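The next block holds one structure in the form of structure tokens; read it before the comments.
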Amino acid sequence: VYTGRSVVMSEPDTGWLLTEYSLLGAPVRSMGLPRRTGQEADREVHLALNAGLALPEPDGGFYFVFLAGAPAFRKYSAKGELLFERVIQGREIDPVVAAIPERWPRRRVGDRELPLVPPVVRTAAVDPQGRLWVSFVVPYTYVFDPDGEKVRTLQFRAAGVVAPSSLSFSGRNRVLVTPGCYEFAF
């Protein structure tokens with residue numbers, strides 16, 4: 001993700017959840033230890049369960065949203081300190097969470113065998129007020145306030161129910177959703 005002054009990437013294979021790079025490509029800092037997954041013996045599964053979206057927030061800190069496994073996010077200060085971690089729960093995503101396996105199927109890619117670890121989260125974004133929006137593989141989006149408390153559950157409807165693949169914000173109270181390039185007021 002481009003922050004305006006740097007690029008932030010999810011890089012659990014380095015031993016950190018996210019790394020911030022200067023615009024010249026030099027690492028500036030890394031933060032966030034990987035979460036325990038119960039899959040530490042299988043490096044590829046463990047890394048997949050620690051991959052996520054690194055999202056800058058207005059005050060200079062970051063959210064980190066885990067893409068696969070038990071849905072959760074963390075919030076880091078502008079200094080890189082962990083402020084909190086939240087497990088994401090709700091009846092809308094209960095069937096997805098219940099279907100998370102304990103053993104992951106594998107597939108052959110070239111001469112390697114890799115685990116198939118499907119995501120639970122489709123996308124996430126931070127609005128201008130610092131609220132975190134998380135959209136799941138089922139067509140629901142949860143909105144969390146800057147303190148990590150869930151404040152809304154949304155389902156976008158346009159030419160039918162839309163499961164967002166990206167969220168962005170135009171103006172103070174407008175969210176743009178793809179697919180379809182729909183704009184919603186909130």
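The values are calculated or read from the model by the stated rules, or taken from the named source; none is laboratory data. None of these values were measured; they are calculated from a predicted model. Here the Cβ is made from the backbone with ideal geometry for all residues, glycine too, and neighbour counts use every protein chain on show. The area values use the complete protein model at the heavy-atom level, side chains included, leaving out ligands, DNA and RNA. Shrake-Rupley method; radii C 1.70, N 1.55, O 1.52, S 1.80 Å.
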Practice task
Report yes if some residue within region 48-60 is part of a strand (DSSP E or B), modelled with pLDDT under 95 and open to solvent by 80 Å² or more (accessible area, probe 1.4 Å); otherwise report no.
Solution key: no
Practice task
Scan region 143-152 and give yes if some residue there is under 26 Å from Ser10 (Cα atoms), in a strand (DSSP E or B) and at pLDDT below 95, otherwise no.
Solution key: no
Exercise for the section: Give just the number: which of (1) among the hydrophobic types (A, V, I, L, M, F, W, C); (2) within 20 Å of Leu116 (Cβ to Cβ); (3) open to solvent by less than 60 Å² (accessible area, probe 1.4 Å) does Met31 not satisfy? Expected result: (2)
Problem - Positions within region 153-186 being closer than 16 Å to Arg91 by Cα and part of a loop (DSSP other than H, G, I, E, B), in sequence order - result: Gln155
Handout entry: Exclusive hit being crowded, with 20+ Cβ neighbours inside 10 Å and not in a loop (DSSP other than H, G, I, E, B), set Phe73, Phe84
Key = Phe73
Handout entry: Within region 155-174, considering residues that are among the aliphatic types (A, V, I, L, M), buried (at least 16 other Cβ atoms within 10 Å of the Cβ) and modelled with pLDDT under 95, the one nearest to the chain's Cα centre (by Cα)
Key = Ala163
Exercise for the section: Please work out if Val96 is in contact (Cβ under 8 Å) with a residue 12 or more places away in the chain, surrounded by 15 or more Cβ atoms within 10 Å (Cβ to Cβ) and outside any helix (DSSP H, G or I). Expected result: no
Fill in the blank from the handout: Taking region 105-133 and the residues there that are in contact with a strand residue (DSSP E or B) (Cβ under 8 Å, 6 or more places away or on another chain) and not in a strand (DSSP E or B), the one that is farthest from Glu57 (Cα to Cα) would be Pro105
Practice task
Go through (1) within 21 Å of Gly130 (Cβ to Cβ); (2) at pLDDT 95 or above one by one and return the number of the condition Glu20 breaks.
Solution key: (2)
Practice task
Check region 32-47 and report whether any residue there is among the aliphatic types (A, V, I, L, M), assigned to a strand (DSSP E or B) and at negative phi.
Solution key: no
